[in-house]
Structures are given as structure tokens and as C-alpha cells.
Amino acid sequence: MGTQCYQEAMPKKGIRRHDRITENAPVRLMWKDRWGGDKFVNGRVMDVSEEGMKVELPIEIEQRIYVTFRADTIPLHGTASVRSCVRKTPKFIVGLEFAGGLRWKPKPEPADAAEEETEEESES
């Protein structure tokens with residue numbers, strides 16, 4: 001079977017639409033292969049942004065297919081399109097773009113939440 005993954009580098013940060021937050025969280029991906037068979041793989045979230053995430057997987061996944069994912073520790077789950085797949089021996093780095101209007105926002109740190117409450121109280 002021909003590879004759908006590429007050896008070239010992923011795009012540089014300068015062209016990103018949203019900031020990426022570094023994560024190290026387990027993720028499970030599910031999809032159907034071109035013959036309709038169910039596929040599953042466990043991987044690791046490397047970073048996440050408002051509209052997508054980068055994951056490290058032990059296998060390649062074809063570009064332009066849709067996967068369902070679940071990363072309970074972030075917490076984040078939904079559907080995404082495979083936008084890129086780069087072999088980084090012995091793993092694959094896969095870029096996912098969220099689908100169906102899914103957006104991710106990081107949980108505010110306790111200090112950040114306290115600052116927001118203080119700002120809201122001072123405005124009242």
C-alpha cells in the first residue's frame with residue numbers, strides 16, 4: 001500500500017491562525033478505512049489550538065479522512081479531518097482540523113479565573 005504520509009516538515013508557526021498550547025495527553029482515534037473496516041489507534045496529543053491539534057501516532061493515517069477522537073484528560077472529543085501526516089521515525093505526526101464547528105478553549109488557570117472575577121466585580 002502506498003504511503004500517504006510525507007517526509008517534509010510541517011508548516012512553520014508564522015502561518016498559524018491560532019496559538020498552540022503544548023499538551024501531553026493520551027488520545028484515542030477511530031475511523032473507517034477505505035473498505036469500511038473499523039480502525040482504532042491510541043496516541044498522544046502534542047499540542048492543541050482553537051481549531052485543531054497535533055497528535056503522535058504509531059501508524060500513519062491517510063489525509064482527508066475524518067476521525068473521531070477522544071482525549072479525556074484535556075477534556076476534548078469530537079470529529080476532525082486529517083490535514084497532514086509526517087513520518088518522524090518511528091512515529092507519525094498527524095495534524096487534525098476540528099470539524100462540525102468544534103472549537104477548543106483551554107481551561108483558565110486558577111489565578112486567571114480569580115483575576116477575571118476581580119475585574120468583573122470592579123466593573124460593577
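Between THR22 and ARG103, take the C-beta separation as r, use R0 = 25 Å, and let me know the FRET efficiency to the nearest 0.05.
The formula returns an efficiency of 0.85 here.
Database remark: amide H of ALA25 closer than 5 angstrom to the amide H of VAL45 (H placed geometrically; neighbours at sequence offset of 5 or more, or on other chains; Pro and chain starts carry no H).
Laboratory data are not the source of any read-out in this text; all were calculated from the coordinates shown. Treat the numbers as computed from the prediction; the structure is a model and nothing was measured. All Cβ positions, glycine included, derive from the backbone under ideal geometry; neighbour counts span all protein chains shown.
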